[in-house]
Amino acid sequence: MANLTIHNLDESIAKNLYALAQQHGQSIEEEVRHILHRAILDKSPQTSGLGSRIAKRFMDIGGVELPQPSRSLPRQAANFGEAN
């Protein structure tokens with residue numbers, strides 16, 4: 001893993017980081033890792049659609065064959081006009 005040192009950090013930012021870390025019950029270092037993770041990894045652009053990502057996640061277990069539902073003709077629309 002990489003190490004990161006930040007010089008000349010504004011004192012108000014450092015105090016806010018400390019307060020956030022205290023609220024979440026973790027160290028400042030862990031708080032910063034969490035913030036960076038959310039800012040960079042969670043917002044990375046998706047290169048595939050949701051269905052493709054789900055299929056990729058479960059590909060290793062072989063997937064599941066589901067029966068195709070029976071299809072029927074659509075129902076007639078309701079006639080709210082005058083009776084014929």
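Values in this text are rule-based calculations from the coordinates and carry no lab data. Please read these numbers as outputs of a predicted model, since none were measured by experiment. Glycine gets a Cβ as well: all are built from the backbone with ideal geometry, and neighbour counts include every protein chain shown.
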**Prompt:** Looking at (1) touching a residue at least 12 places away in the same chain (Cβ under 8 Å); (2) exposed (fewer than 10 other Cβ atoms within 10 Å of the Cβ), can you tell me which one residue 25 breaks?
**Reply:** (1)
**Complete:** Per the list (1) within 16 Å of the chain's Cα centre (by Cα); (2) surrounded by 10 or more Cβ atoms within 10 Å (Cβ to Cβ); (3) not acidic (Asp, Glu), residue check on residue 50 breaks on (2)
**Request:** Determine whether residue 48 is polar (S, T, N, Q) and in contact with a Lys or Arg (Cβ under 8 Å, 6 or more places away or on another chain).
**Result:** yes
**Item:** Failed condition for residue 31, given (1) without any contact (Cβ under 8 Å) to a residue 12 or more places away in the chain; (2) surrounded by 10 or more Cβ atoms within 10 Å (Cβ to Cβ)
**Value:** (1)
**Request:** Please work out if residue 5 is hydroxyl-bearing (Ser, Thr, Tyr), surrounded by fewer than 10 Cβ atoms within 10 Å (Cβ to Cβ) and more than 27 Å from the chain's Cα centre (by Cα).
**Result:** yes
